[in-house]
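The values are calculated or read from the model by the stated rules, or taken from the named source; none is laboratory data. Bear in mind that the values here come from a model prediction, so they are computed numbers and not experimental data. Cβ placement follows ideal geometry from the backbone for every residue including glycine, while neighbour counts extend to all protein chains displayed.
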Amino acid sequence: MTLRSKKLLAYGAAVALLLAVFAMYTRPTILVALADQLWACFN
C-alpha cells in the first residue's frame, strides 16, 4: 500500500465514523440515554 492509499483509507474510515455518530443523534432515545449516563456520572 502506498502512503496516499493509506491516507485515503484513514480519511474514509474517519468520515464513516463521523457519519455513524451523527446518524445516532437523529434518534431521540440515544440522546436520552446519553443524557442519563452523563447525569449518572455526577450523582
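Can you go through Ala20, Ala14 and tell me which one is surrounded by 10 or more Cβ atoms within 10 Å (Cβ to Cβ) and out of contact with any Lys or Arg (no Cβ under 8 Å at 6 or more places or on another chain)?
Ala14
Out of segment 6-28, which residues are of a type in the set (Ser, Thr, Tyr) and modelled with pLDDT of 95 or more? If the condition is that a residue be of a type in the set (Ser, Thr, Tyr) and modelled with pLDDT of 95 or more, then Tyr11 is the only one that fits.
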